[in-house]
Structure formats: C-alpha cells, structure tokens
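First up is the structure itself, then whatever we jot down about it.
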Amino acid sequence: MALGLDQELMRMLMDTFAIELDEQLQMITDGLLVLEKGVEGDEQRQMLEGVFRAAHNIKGAARGVEVTDVADIAHHLESIFAVLKRENRSPDGAVTDLVLESLDAMRQAMTAFSAQQPLGLDKDALVARLMAMASQVEQPSVVQHQAVAPEPEPEPEPEPEPEPEPEPTPTPTPAPAPAPAPAPAVRAATESSKPVAGEQRPAADVVRVNVDKLESLSAMMEELQVAKIEMDEHLVSMQQLRNRVQELTSGWHRATVGTSQADRDSWLKRSADTVVELDMASARAHREMRSSASRLGILVESLQDNVRMMRLVPVATLLRPMSRSVRDIARELGKKVDFEISGDDIEIDRMVLDGIRDPLVHLLRNALDHGIEAPQQRLSRGKPVEGRLRISVGSEGRQIVLTVQDDGSGISVDEIAASARKKKLVSEAELAAMGRDEILGLIFRPGFSSKEIISRISGRGVGLDVVVMNLRKLKGSVQVETDEGKGTRFILRLPITLATDHGVLVRAGGAVFAVPTSAVDRIMEIRPDQIVEVEASHAITYQGRSIPLRDLAVTLELETQERINKKILPVMVVAKGWDSVAFLVDEVIGEREIVVKPFRSLLQSVRNITGGTLTGNGLVIMVLNPSDLVDSAMRGGLARLQRVEGDADAEKAQHVLVVDDSITTRSLEKSILEHSGYNVSVAVDGKQGWALLQEQEFDLVVTDVEMPGMDGFELTALIKQSERLKRLPVVIVTSLAREEDRKRGIEVGADAYIVKGKFETKVLLDVVGQLI
C-alpha cells in the first residue's frame, strides 16, 4: 500500500486517478487527431505541449498510486512527445498508430489493475517498440543539428524532461485543463457501501457538477430553511389558536351544564368578542399559511429542477471518444474521412447519454461502411477524395436534436423496395400503396439490409431496427432524410432528462393505469363494424396495415365488461419497435406529467408493470410497461364484443385548428378531437397557425402558449383583433398555471384556459362542445 495509506484513502485516490486517466488519455487522443489533420505554427505547438503535459501527468499520478504498468507506458510516450515538442514537429502516421495503441494498452492495464487480474498484454514488447520509435523520432533532430554544427546548441527550455528512472510521487498530480472552462467544476461520485475485503468493488458512477449549479442549489436550501422557520411559526400560531378554541369550548361546556338560560345568554354575550377574534385570527393564519405553502411549492419545484439539472452532462462526454473510432474504422476501410462535431457543449441526462451510445455508434459505422464511398468511387463521381461525416447537436424546447450526416452515396428508394420485396418484409400490395418516405422507413424494420456483404464493421444481422428500439426506451425517435448520390441524414430526437415523463391515463377493468406517452402511437375511437377477424383473432386497420386488437383488462388478467351495443369503442395504440397493438379500454382519461417510481427488486419481475406514480390526491397509479404489454397482448387478451350497426347519418365535421410546438401534445389533441368527430388541422407555432387562418375556415382554435416565433397569447390577440376572426372561439391549453398567466389569457380574449397538468380528454371535449 502506497506510503502506508489506509485502505479507504487509497480507494478514494484510485477513484480519482481513474477519472484523471480517462481525461488525460482523451486529451492525448484529441491532440493527436488534430495534429494528424495538419496544423502549423502556434496551434501545432500548443497541441504538442498538451499531449506532452498529459503523458507527464499520467506518469506522475500512476506512480503515486503504484499503477506501474500505466506509469511505464506513459514514461516512454512522454519521451516521444518531448522530442516532437522540442522540434515543433507533428507525428507521422506510424507514430500516431503506435501512440493510440499505447493509449488502449494503458486503459487495459488500468482495468486489469482495478480487477486485480493479469495484464493480458505483452507490455515489454510494447515498451521496446516505443523505445525504438523514440530513437527514430530523435534521428531527424540529430541529422539537422549535425548540418548546422558551426553554432553551439541553445540552452534547453526549463521544462520537465522525462527521467530515466521512475521515482515515486506521494499523491496523483492534478491535470491542468487544456483551455479555460466556462465555469469551475467539481466531481461528485455515487459510491456503494464500503467493500468487504477481497470483494471486487464496482466502479463508481461519476458525474461532473458545475460549481454554479451547486451554488444555486445552496441558495435554494437557504430559502428552504427560511420556509421551514415560517412553517414552525405557523405551527406555534395554530397551537395558540387551538388553545383559545379549547378554552372557549370548556367555557361553553361549563355554561351549559346545570345553568339557567340567563347564565348561558350572559356567557354567549361575553364570548362574542372572543369568537370574532378567533375568526379574524384563523383567517390571518390561513392567509399566512397559504402564502408560505405557495412559496414552499415553488421552492420544491425549483429544487427538483436543479437536482435534475445536476444529472446533466455535456454531449461531448460521449462524442469526443468517437473521433478515435471514426478514424480507426475509416483507415481499416481504406477511406479518408473528415469527421466534425458541433454543439457538443449542450447538456443532457447521463442516462440518456449512455442509452444513445450504441445507436450512435451503429449509425456512424453504417455511414462509414455503407454511406461514404471509397476514394476512387468519389473521384469518379466528381467528389473530393475525403468524405465528410458530421454530428451536430441542437435543442428544440425540452428535446435534444442530434443529427448524423454524411456526403456519401445516399439511399436508393428503389433498392430499398427491391430488398424488402426479396426478403418478403412487405407484400406487393403494401409496397404499391407506400409513398417515398414510407418506403424509406422500411430500413428500420427487423431483418432489413440493403447491403448483401456482411462486414466486420457493420456487424452481423443487427439492423437499424435496434436503433429504433433503443431510442424508444429513451422516449426518443429517429428520422431519416436522403438525397441519392449526395448523402444521408439521420435525425435523433431525445428528451433532455428522464427524471419526469408524460403518461396517458386510461381506465380498464375498474382500475386506472398510466402508459408512457412516448409508447402511445395514437388514441382513437372505433366502431364495432371496423373490427375484422384475422386467423381467429381480432384486428383493426391502422396506417394501411392490420394490427391486433386486444382488451387491456383481459391482457392484464382483470375482470372486463361486455361491450354490448356500444357504438363507439375507445382504443389506445401501443408500439414496441415495429410492432403495434390496439388496446380496447373503458375510458381514456387524459395525459399528465408523471414521476415514475420503479419497483424494488422483489417486484421487478411483475409482468406488464414498470413502476408506480402518485396523483395529486395521493392515489397510486400503476405505470404499464409498453414492451411487456405488447408481448402479453400477442399471447391473448381477445376483446369481448358484439357487433352493432353504426349511425348512418353523420353531420358535417366542424373544423378545429390545433397549434402546439410539442408533437406529443399536438398528436394527442388531434387524435382526441378527430375521433370525436371533428376535422382537425395542425400548426407547429403561432406564425403557421395565423397563416392557416388566412387560408382556411375554422370553427375553433386550440393553442399552446409557449411556442417559438409567435406564442399563443400573441396569436389569440391577433384573432380577436381581426374583424373576420374575432368571433372565432379560442381555447388555450398550456402548462402555465400561474394566476397572472390566466389573467393574461383572459385579457387577450381567450374563451377558455385549460392547464396541461390537469388536462383530461373529457375536459377538452366538454369545453370544445360548449364553444361550438
């Protein structure tokens, strides 16, 4: 044990070193890739200084915690970088390849040390190659000095040069940042309980937390303490009020037991002032407690948001290491690729970031293997030899938009159709009815591959359907755009955080359940005559294809009702990857924000349930697991139905405009209204909504408030100021629940104001029905 340090302190030092090692290795990788692209002058000097300093820091820190294998490799890397830095000379391809191989060896050595396992590589052979490479790198410098021998060599710079023999350092050397950070940061680690001797301890989950976030959290804790003091004072006041009420009650009891009416009347007269005082005191206490409760509610919400924000990490944490992977894969394929990342300073939930790692790697591998052409092909097509591969990160509201774009050959829609036909993924009739985008979407179906040669780069039998399934688990989506011969773009949309979710509340079998909104494709109402029988099973037609129809109550093994002579049946379509199932429910209650509490280990095996959530009045609602639900539905759950004839007469549908920048809310409201008989058009913001109002006739507008460009208040004001549209009813549906927001909505002329947090299907339909 180093320097006789106790086990707990040594464990903490090892955790710190593991973090530092990852950072320094990534710093060297980034520097080498920049030097490989070709830089000169001061930029080249800074990059060489950075990689030299990183190797030096790794060596010192590794010696401090006695990870000698890492220290030895770092020592020889430092020797190579020292020569390159002195000569301000970029490494050639052979040096870069060997250095990157050495970085991998250091990672492997650290893993073996942590697990107390054999190294698993020939370190001596690697060190010998590094020493030989150091001699080769030094040689051009010797020749150059011999050519200009008349003048003596200048004195070397007073910089730390590599020592021939390792010397122990008491503590790990902290790594200096390559560039000033926007704000200081500290490290926070979540660790398990102290490990038993001999037990292998799992690596700590580490997240960097910006100091500004901690300071904001600390300020809120102080305000929370003030709120607690206020509540303590209210408790004292309430106790005093209660004491006075008890005194009054005791006096009344004494005055009414064994006394005359005159005595009771006299007591009532004397106590009248006391009753008035108690009334005033209780009213005052109510006002003060309501004010404190409101303030406390705001503080708790802010605190929750801040704690949630502390889970966020820059996307660069995931994307920076991918530069190395892209470089290695491109070299293996014999392709030249310019890889660029932009917007990676945007922050996202650590769980989301970890979840998109595999889908992103899959898309990059596909772009390099299938998308970007070989150099000769690019030249023959009039393109630069070097292909371009870009990852750009942006934000849209509460979503992160991540785009993977290449300038390769693009995707041929005709080839997709031919491949799908050959593999019998779709029938000829289905294919004939599909548009271009629908055919393009076939690449996400299980079993699809447009390239017959299976390569080591793209894997075996794993298609883009895995990307879709992984993104669905993260409540995200993927979209593809392509221009044949010019390139392809994959657009990934993901939530910033998974701490909260939205769920569709439904009633089935006498109970209320929540289904994550991200898994609900559509809410709809059907007539019994729309149900068909396929292979002794019920089904409906959805988006041009037949999907199974199941009773949710039966699927959950609950008692269900006979749906006899019901002319309209509520249905919820739930998706799992490419599979979809329509579930009959008793009632669709609406959509609400939910916080899902997962089950403990003993209940994690319960089928179809993923956890629970609490309502505002303290009731527990089970949250259904969409993946399990679809699997269970495929095994049974047939609905108990009796066909009835639908109404032959139907009035002309009234036209409603839904304006909302959230695709989830927009789709939900559209589905609810359409399946209640309304004709619905949608707009993504106020500007588009206003443009549609100039072109078409509408009977009612449903609008959100917070939208880019033109918000809902501005749109409502424009409608009410228009001579032609001023009588058009406007319903505001928003998450803004403050009283001043409600007043603003009334001031601009809204006919109704519904808060999304309390949004229910019946509420929306009742309001719309009353207004039109």
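The values are calculated or read from the model by the stated rules, or taken from the named source; none is laboratory data. It should be emphasised that the depicted structure is a prediction, and the values quoted were computed from it without experimental measurement. Here the Cβ is made from the backbone with ideal geometry for all residues, glycine too, and neighbour counts use every protein chain on show. With ligands, DNA and RNA removed, areas are computed over all heavy atoms of the protein, side chains included. Shrake-Rupley method; radii C 1.70, N 1.55, O 1.52, S 1.80 Å.
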- prompt: Roughly what percent of Cα-Cα pairs across the stretch 389-436 reach past 15 Å?
  reply: 62
field: For the stretch 367-410, alpha-carbon Rg and Dmax in angstrom
entry: 13.7, 44
- line: With bins of 5 Å, the percent of all Cα-Cα pairs of the stretch 1-112 per bin from 0 is 2, 12, 23, 23, 16, 10, 7, 4, 2, 0
query: In whole Å, what are the Cα extents of the stretch 20-61 along the three principal axes, biggest one first?
result: 31, 14, 9
- request: Can you pull a Stokes-Einstein diffusion coefficient for the stretch 229-285 at 4 °C (1.567 mPa s), Rh from Kirkwood over Cα pairs, as a whole number of µm²/s?
  value: 103
query: So what is the accessible area of the stretch 293-387 per residue, in Å², with the probe set to 1.4 Å?
result: 48
task: Report ³J(HN,Hα) in whole Hz for each residue of the stretch 105-120, in order, from the Karplus equation J = 6.51 cos²θ - 1.76 cosθ + 1.60 where θ = phi - 60°; Gly and Pro get x.
output: 5, 5, 4, 5, 5, 5, 4, 5, 5, 5, 8, 6, 10, x, 4, x
message: Quick check: the distance between the Cα centres of the stretch 20-57 and the stretch 233-306, to the nearest angstrom?
response: 72
query: Rounded to the nearest whole Å³, what is the per residue volume of the convex hull around the Cα atoms of the stretch 346-439?
result: 163
- line: Each label sits 7 Å from Cα toward the beta-carbon; between A511 and R545 the label points are separated, in nm, by 3.1
message: Among the listed pairs K473/K597; K475/K743; K424/K475; K720/K743, which have their C-alpha atoms separated by more than 24 angstrom in this model?
response: K475/K743; K424/K475
query: Which cross-chain or sequence-distant (5 or more) residues have an amide H under 5 Å from the amide H of E591, H modelled 1.01 Å from N in plane?
result: L505, T761
message: Please list, ordered by chain and number, the residues whose modelled amide H lies under 5 Å from the amide H of T703; skip anything fewer than 5 residues away on the same chain.
response: V659, V731, I732, V733
With every protein chain in place, the stretch 684-772: carbon and sulfur % of accessible area (1.4 Å): 48
message: Working only with C-alpha atoms, what are the Rg and Dmax values of the stretch 257-316, expressed in angstrom?
response: 25.5, 86
task: Quick one: work out the % antiparallel among DSSP beta bridges in the stretch 296-413, nearest 5.
output: 65
Sulfur and carbon atoms: percent of accessible area, the stretch 296-407 [1.4 Å]: 50
field: Counting all C-alpha pairs of the stretch 221-340, share separated by more than 17 Å (%)
entry: 74
- request: Determine, for each peptide in 125-135, 587-597, the mean count of other beta carbons within 10 angstrom over its residues, then list the peptides with the highest first.
  value: 587-597, 125-135
task: Return, for the Cα atoms of the stretch 288-400, the radius of gyration and Dmax in Å, separated by a comma.
output: 21.4, 79
message: Less than 16 Å apart at the alpha-carbon level, and either on another chain or at least 8 residues along: which aspartates and glutamates does that give for K423?
response: D414, E415, E452, D465
- line: Stokes-Einstein, Kirkwood over Cα pairs, the stretch 697-740, 25 °C, 0.890 mPa s; D in µm²/s equals 220
Separation of alpha-carbon centers, the stretch 666-688 and the stretch 75-123, rounded to whole Å: 59
- prompt: How long, wide and thick is the stretch 713-766, going by the Cα atoms along their three principal axes, in whole angstroms, largest first?
  reply: 33, 25, 12
